[in-house]
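Here is the structure we will look at, set down as structure tokens.
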Amino acid sequence: MALQTVTVQTVTVQTVTVQTVVFDASAVMTWAKARPGVEKIERLLFETTAPVYLHRQNAVEFWYQVHRTGALASFLADKPERFSPDGRPDLTGLDLNDRAVFDAEAGKRFADATLLRVEAAGVRIVGDGDFPDLWKRAGAVKSRFRRVSLADCFGVALSVELRAPFWTSDRHELEALQSAGVAEIVFIR
């Protein structure tokens with residue numbers, strides 16, 4: 001029996017500690033779909049030890065978007081004309097009650113699997129039970145900034161509670177909130 005020489009390369013990865021971060025649905029979607037800004041998200045998730053949180057309301061927003069994508073996947077697979085240049089499907093005129101168009105079970109499987117990937121990457125999903133008065137803070141944000149989605153109001157409230165920046169791509173909704181000094185907002189693109 002001949003012995004084989006194997007060269008093993010050792011790679012050292014430097015881990016950086018940073019502050020806690022709160023994601024909104026768009027930040028998670030950026031990572032899950034490798035959209036512009038994904039490098040920033042990946043650096044945070046895989047090159048730091050920063051705790052990353054996602055409020056349950058933002059998780060719902062992410063899950064339903066991924067569910068819809070999975071539910072429509074087989075129908076849209078051979079219809080490239082139904083997609084905009086940025087990859088979003090045009091659902092105009094589709095009957096989403098038609099099972100040939102919208103496969104809810106396939107959507108659920110896809111959304112659940114994608115959410116498991118997000119959690120495996122270290123994103124912790126939390127709800128109001130973890131922070132009893134968070135809903136009041138979210139309501140106060142919503143009453144002052146009506147254009148901000150309710151899910152993002154919960155995410156912003158969580159970021160204020162944790163003294164953490166809120167990572168998003170929703171610049172058009174959240175710039176006013178940042179300008180008013182309500183929370184630290186990091187725009188990922």
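The values are calculated or read from the model by the stated rules, or taken from the named source; none is laboratory data. The structure displayed is predicted, hence computed values, not measured ones. As a convention, Cβ positions derive from the backbone with ideal geometry for all residues, glycine included, and neighbour counts pool all protein chains shown.
Selection within the stretch 15-33: residues that are surrounded by fewer than 20 Cβ atoms within 10 Å (Cβ to Cβ) and over 11 Å from the mean Cα position of the chain (by Cα). The member of this set that is nearest to V118 (Cα to Cα) is T20.
I need the full set of residues from the stretch 58-89 which are part of a helix (DSSP H, G or I) and either without any contact (Cβ under 8 Å) to a residue 40 or more places away in the chain or farther than 17 Å from T30 by Cα (or both), in order please. Matches in the stretch 58-89: R68, A71, L72, A73, S74, F75, L76, P80, E81, R82. Do we have T92 as part of a loop (DSSP other than H, G, I, E, B) and not basic (K, R) here? Yes, satisfied. Can you tell me which residue is nearest to T69 (Cα to Cα) among those in the stretch 101-128 that are in a loop (DSSP other than H, G, I, E, B) and modelled with pLDDT of 95 or more? Among those that are in a loop (DSSP other than H, G, I, E, B) and modelled with pLDDT of 95 or more, it is A121. Looking at the stretch 149-189 only, could you name the residues that are closer than 19 Å to D128 by Cα, touching a Leu at 6+ places or on another chain (Cβ under 9 Å) and not in a helix (DSSP H, G or I)? Of everything in the stretch 149-189, those that are closer than 19 Å to D128 by Cα, touching a Leu at 6+ places or on another chain (Cβ under 9 Å) and not in a helix (DSSP H, G or I) turn out to be A164, F166, A183. Of all residues in the stretch 139-155, those being free of Cβ contacts under 8 Å to residues at least 40 places away in the same chain, out of contact with any Asp or Glu (no Cβ under 7 Å at 6 or more places or on another chain) and among the aliphatic types (A, V, I, L, M) number 1.
If the condition is being among the charged types (D, E, K, R) and assigned to a helix (DSSP H, G or I), then the stretch 129-148 contributes D130, K136, R137, K142, R144.
When A50 is tested against (1) farther than 18 Å from R171 by Cα; (2) assigned to a helix (DSSP H, G or I), only condition (2) is not met. Give the residue that is surrounded by the fewest Cβ atoms within 10 Å (Cβ to Cβ), with candidates limited to residues of the stretch 108-129 that are small (G, A, S) and within 17 Å of the chain's Cα centre (by Cα). Restricting to residues being small (G, A, S) and within 17 Å of the chain's Cα centre (by Cα), the top hit is A120. Say whether the condition of being under 24 Å from L45 (Cα atoms) and either surrounded by 15 or more Cβ atoms within 10 Å (Cβ to Cβ) or under 19 Å from the mean Cα position of the chain (by Cα) (or both) is met by at least one residue in the stretch 139-150. No: zero hits.
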